[in-house]
Amino acid sequence: METLPNAAVILAGGKGTRLGALTKTTPKPMISVAGRPILERIIIHLVGSGIRTIYLSVNYLSNRIEQHFGNGDKLGCSITYLKEDQPLGTGGPLALLNSHPVDNATLVMNGDLVVDFDVQAMLSQHHRDANAITIGVKNYTHQVPFGCLQTSDGVVTKLVEKPILQRTINAGIYAMSPEIIATVRPEFTPITSVIENALVEKRQVGTFQIDDWIDVGQPQQLAEARGE
């Protein structure tokens, strides 16, 4: 696999409080799925896709992550740690890249994803479409387990039995051009604010379809990722 000029930032600083006792002594990205920490699975996938420069944004129990991965040599990449002196949210850590300037689009992704996607295809589409940001998206379907009503001024106009709702959801994976990352300040900033600001500034934001994806944020999702 050819080495790509792009770097990746993995956001691995969260506390993972929704997983309860599982994250009291283990940072969420280091929880094991199929015998391997989630974060390690992500890094191996990126390296296998041609990305050799990786930045890990760390905060909570960061020593566990640094001790495990070191400088990345064992996984065939170079790992640099972006250390948050205070929580910066999911967007603020990007400002720490200012001391590591990049000339190409950077892949940014959450560190708690069990995912398989075509990294090169996403970056190629980002470049081809001249996007400022490309958001990895997934189709989400939910069947409401009840009969629903459509009403107007208290009058029932239609019955809908157990409707199926479909939405396009944010998969927590992004390709971001250098000019976007340069706008981020080193303060608490949700990554959604970075995207909203880009939209306000009329910058082009595109999407890239991702199908094989699980966000391991809650016990039920973790069990699904583990095949339980």
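Before moving on, here are some points about what is shown:
- Qualifying position, being in contact with a strand residue (DSSP E or B) (Cβ under 9 Å, 6 or more places away or on another chain), open to solvent by 40 Å² or more (accessible area, probe 1.4 Å), modelled with pLDDT under 95 and among the hydroxyl-bearing types (Ser, Thr, Tyr), among THR141, THR207: THR141
- Any chance ASP85 is loosely packed, with under 15 Cβ neighbours inside 10 Å, within 29 Å of ALA182 (Cβ to Cβ) and among the acidic types (Asp, Glu): yes
- Members of the stretch 144-165 that are in contact with a Lys or Arg (Cβ under 9 Å, 6 or more places away or on another chain) and open to solvent by less than 100 Å² (accessible area, probe 1.4 Å): VAL144, PRO145, GLY147, CYS148, GLN150, THR151
- LYS74 loosely packed, with under 12 Cβ neighbours inside 10 Å, of a type outside the set (S, T, N, Q) and either assigned to a helix (DSSP H, G or I) or in contact with an Asp or Glu (Cβ under 9 Å, 6 or more places away or on another chain) (or both): yes
- Remark: pairs (first residue in the stretch 158-173, more than 26 Å from LEU39 (Cβ to Cβ); second residue outside any strand (DSSP E or B); Cβ separation under 7 Å; 6+ apart in sequence or on different chains) = LYS162/VAL144; LYS162/PRO145; LYS162/PHE146; PRO163/VAL144; LEU165/VAL144.
- Condition met for SER99 (loosely packed, with under 13 Cβ neighbours inside 10 Å and at negative phi): yes
- Check on ASP116, exposed (fewer than 15 other Cβ atoms within 10 Å of the Cβ) and farther than 14 Å from THR207 by Cα: yes
- Within the set SER124, SER177, the sole residue that is open to solvent by 50 Å² or more (accessible area, probe 1.4 Å) and modelled with pLDDT of 95 or more turns out to be SER124.
- Across the stretch 142-194, the number of residues qualifying as part of a loop (DSSP other than H, G, I, E, B) and either more than 24 Å from ASP118 (Cα to Cα) or more than 22 Å from the chain's Cα centre (by Cα) (or both) comes to 16.
- Residue satisfying all of: in the stretch 94-133; in contact (Cβ under 8 Å) with a residue 12 or more places away in the chain and among the polar types (S, T, N, Q); nearest to PRO37 (Cα to Cα) among these: ASN110
- Between ASN59, ASN63, ASN71, the distinction of being over 16 Å from the mean Cα position of the chain (by Cα), within 18 Å of ASP112 (Cα to Cα) and without any contact (Cβ under 8 Å) to a residue 40 or more places away in the chain belongs to ASN63 only.
- Residues in the stretch 43-65 that are modelled with pLDDT under 95 and in contact with a strand residue (DSSP E or B) (Cβ under 6 Å, 6 or more places away or on another chain): SER57, VAL58, ILE65.
The values are calculated or read from the model by the stated rules, or taken from the named source; none is laboratory data. Owing to the predicted nature of the structure, the values given are computational and were not obtained by experimental measurement. So basically every Cβ, Gly included, is an ideal-geometry build from the backbone, and we count neighbours across all protein chains shown. Remember, those area values only see protein heavy atoms, side chains included, never the ligands or the DNA or RNA. Shrake-Rupley method; radii C 1.70, N 1.55, O 1.52, S 1.80 Å.
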